[in-house]
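Each remark here refers to the structure printed beneath this line.
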Amino acid sequence: INVLSVMPDGFKIVDNSQYGRKIVASKSFEAGETLYRGYAALICDDQVDHQLVVYNYSKDDYRLVGKYDNDDTHSVHDYNSDENGATNNNKRRRQVFGWDSFMNHSCEPNTYFRLVRRTENVEICYEAIAVRGIEKGDEVTCDYACFDYSCDGHPIEKCQC
């Protein structure tokens, strides 16, 4: 499965020797500003072998950013599943995120996510909101502990912040 993700203007995915990759703001954002609306696809566990294809969007065109093989960093177990990972249709599901799956954890994040809607067994829609001002060049981070699920079934027991 190819998962197509379009990164909005204002962000870059860059290499980070400490974590692998990270998201950096390519423009400034004010506190309280909605950075973007994001989506996570809900797919069956047996379909998780996917490739994430990321495009950058600008008002003029789309540009291929990169293709990334799934290494479980782009998806997490669906928190709406039961303890065995099954939903009401008895299929284990994962939440598969797009370009923003490269966002790293911080105990002092500059972004939080507000749930907009969740459709049964299809998608989750959320908005990324700036907690404080984000300057051009700043890494864009979130607090993984604020989500309704643990990271890929592995809670953060010792934060490295």
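Each reported figure results from applying straightforward, stated rules to the coordinates on display, with no laboratory input. Keep in mind that this is a model prediction, so the values were computed, not measured. All Cβ positions, glycine included, derive from the backbone under ideal geometry; neighbour counts span all protein chains shown.
Annotation: amide H-H contacts under 5 Å for Leu35 (H modelled 1.01 Å from N, sequence separation of 5 or more, or interchain): Ala128, Ile129, Ala130.
Among residues other than Asn104 with Cβ under 13 Å from its Cβ, the summed charge is -4 (Lys and Arg +1, Asp and Glu -1).
The 3J(HN,Hα) values that the Karplus relation (6.51, -1.76, 1.60; θ = phi - 60°) gives for the range 20-37 are, in residue order, x, 9, 8, 9, 10, 6, 9, 8, 8, 10, 8, 4, x, 6, 6, 6, 5, 9 Hz. Gly and Pro appear as x.
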